[in-house]
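**Q** I am attaching a structure below and will ask some questions about it afterwards.
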Amino acid sequence: QVQLVESGGGLVQAGGSLRLSCAASGLTFSTYTMGWFRQVPGKEREFVALIRRNSGTTYYADSVKGRFTISRDNAKNTVYLQMNSLKPEDTAVYYCAADRSTSSTYTTGYNYWGQGTQVTVSS
């Protein structure tokens, strides 16, 4: 079955950096657009970044543009999220997701989800 496993979360001070990884198995990774989303308690899950399956084109939420970088290694079936200049408002559970066809910024466009990894940014 398909599995997406995130890692790399943790506690960091404001201004610091973290690199999240998401290892995929059970799917043909290169044929999926991969996305990162985040969620805080009581709020809807929100789009962070995506990287398209064919072109490798990337797209970011305005709130993270210029600070976060999404990348993928198809040979390792892994997608990454490099997060720099972190702010307390970046605190959330971060999820990776796989999208077979829509390259969407909406959660409904994604077929598979990981279990999430906590990122906490202290001020």
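**Q** Note down the nm distance, to one decimal, between modelled labels 7 Å out along Cα→Cβ at GLN39 and at SER101.
**A** The two pseudo-label positions are separated by 2.4 nm.
**Q** Can you list residues whose amide H is under 5 Å from GLY16's amide H, if they're 5+ apart or on another chain and H is modeled 1.01 Å from N?
**A** LEU86
**Q** Report the Cα centroid-to-centroid distance between the range 40-100 and the range 1-21 in angstrom, as an integer.
**A** Rounded to whole Å, the Cα centres lie 10 Å apart.
**Q** Taking a virtual spin label 7 Å from the Cα of LEU11 along the C-beta vector, which residues in the range 60-75 bring their backbone nitrogen under 12 Å of it?
**A** Within reach of a label on LEU11, which here means backbone N under 12 Å from a point 7 Å along Cα→Cβ, the range 60-75 contributes nothing.
**Q** Now for a separate question. What distance in nm separates the two pseudo spin-label positions at GLU46 and ASP73, each 7 Å out from Cα along the beta-carbon direction?
**A** Between GLU46 and ASP73, the simple spin-label model gives 3.0 nm.
**Q** Something else: Based on the alpha-carbon gyration tensor of the range 1-70 and its eigenvalue square roots a ≥ b ≥ c, which shape applies: rounded if a/c is under 1.5, prolate if not and a/b is larger than b/c, or oblate?
**A** It comes out prolate by the Cα gyration axes.
**Q** Please give me the summed charge of the neighbours of SER103: other residues whose Cβ is under 12 Å from its Cβ, Lys and Arg +1, Asp and Glu -1.
**A** +2
**Q** Okay, next question. Report the Cα-based extents of the chain along its three principal axes, largest first, to the nearest Å.
**A** Principal-axis extents of the chain (Cα, largest first): 40, 29, 25 Å.
**Q** With every protein chain left in place, what is the accessible area per residue of the chain in square angstrom, probe 1.4 Å?
**A** I get 50 Å² per residue for this part.
The values are calculated or read from the model by the stated rules, or taken from the named source; none is laboratory data. Only a predicted model underlies this, so the values are computations on that prediction, with no experimental measurement involved. Quick reminder, even Gly has a Cβ in these numbers, built from the backbone with ideal geometry, and neighbours come from all protein chains shown. Protein only, heavy atoms only, side chains kept; ligands, DNA and RNA dropped before computing areas. Shrake-Rupley method; radii C 1.70, N 1.55, O 1.52, S 1.80 Å.
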